[in-house]
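Take a look at the structure set out below.
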Amino acid sequence: MRNGMLLLVLCFQLSAFGRATKRAPESTPSPAAEASPSPSASPAQGPIPQGVLATIGKDTGSNVDRNFAQGALDELNRVVASGCVRTEFTKGSVTSLHNIDGKQVQTKIEAYERFVAGAPYALDLRWYSKFGKTVGYTYTYKDAAEKGPSETRIYSNTRMMGTKQDHAAHLAHELSHQARAGGFVHWTVHQGSTPYEIGNAVDRCLAVKR
Ligand SMILES: [Zn+2]
């Protein structure tokens, strides 16, 4: 399986997404990542289609607590639809905009719009239980063919699930890894990468409501 390991996108973040104190080194910012958004970057300005980022998919596992998961998605959809996530993500420091094919977007606005462009996304949720610090994971594609269909499953460790707000940030982070939502990666940079900063933006938006 060529480059099979590259498809595995593990996420080691703790549940305290937005409160993490570790930041990416400031020595390697991408100038383009800080550039002003281009007004012609994308026609997908403004609210996302239908005002919903994500729903519970039809292949969701039978052991998933749907009330909890829907509660998390309600929180996530609310702060995405309000524009808060867009604002928080684009005003934050994003030092890596890379996705699985390299760097396909040049600005934070473009990254965010790529993230929401395919909404609403049906998330096929899978819960498992494992000791350790891994909150969950997903893949970019469903199979080893790197241009194959996007993954739709998100695996979440029930031992690290935290609150529904924490779960909302986790789901947004994992979704951003999937090819359909941009296929963003954090091979070398964690904090400062698009997936982490999407999760952090969701966390900040929800924190002010707690
Ligand atoms: Zn990740």
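Dipole of the range 66-118, Cα-centred, from +1 at each Lys and Arg C-beta and -1 at each Asp and Glu C-beta, to the nearest 20 debye? Around 60 debye, computed over the range 66-118. The distance between label points at S82 and K130 comes to 3.4 nm (points 7 Å beyond Cα on the Cα→Cβ vector). Taking Cα centre as origin and charging only the Cβ of basic (Lys, Arg, +1) and acidic (Asp, Glu, -1) residues, the dipole magnitude of the range 47-207 rounds to 120 debye. In loop segments of the range 56-164 as defined by DSSP, there are no GluC sites (Glu not before Pro) with at most 11 further C-beta atoms inside 10 Å of their C-beta. Working from Cα pairs under 8 Å separated by at least six residues, relative contact order for the range 47-207 is 30 percent.
At 0.692 mPa s and 37 °C, plugging the Kirkwood radius over alpha-carbon pairs of the range 139-178 into Stokes-Einstein gives what diffusion coefficient in µm²/s? If you can, show how the numbers build up before the last one.
Working: Rh = 11.0 Å.
The estimated diffusion coefficient comes to 297 µm²/s.
With +1 on each Lys and Arg Cβ and -1 on each Asp and Glu Cβ, how big is the dipole of the range 84-176 about its Cα centre, in debye rounded to the nearest 20? Write out the running numbers ahead of the final one.
Working: 13 positive and 10 negative charges, 55 e Å.
Around 260 debye, computed over the range 84-176.
Pairs from the list K91/K133; K58/K142; K58/K103; K108/K130; K91/K142 with a Cα-Cα gap above 23 Å: K91/K133; K58/K103; K108/K130; K91/K142.
Among Y137, Y112, Y196, rank each residue by its count of other Cβ atoms within 10 Å, from fewest to most, as a rough exposure measure.
On the way: Y137 19, Y112 30, Y196 26.
In increasing order of surrounding Cβ atoms, one gets Y137, Y196, Y112.
Spin-label pair K58-A144: with each label point 7 Å from Cα along the Cα-Cβ axis, the two points sit 2.9 nm from one another. Within a 10 angstrom radius of the beta carbon, how do C84, C205 rank from fewest other beta carbons to most? Ascending number of Cβ neighbours within 10 Å: C84, C205. Applied to the range 113-120, the Karplus parametrisation 6.51 cos²θ - 1.76 cosθ + 1.60 on θ = phi - 60° returns per-residue 3J(HN,Hα) values of 5, 5, 4, 9, 4, x, 5, x Hz, with x for Gly and Pro.
Dimensions of the range 47-207 from C-alpha coordinates, computed as largest minus smallest value along each principal axis and given longest first, are 40, 36, 32 Å.
The numbers here are math on the coordinates, done by the rules we state, and not lab data. Remember, predicted model here, so these are calculated numbers, not experimental data. Neighbour counts are summed over all protein chains in view; Cβ atoms, including those assigned to glycine, are modelled from backbone coordinates with ideal geometry.
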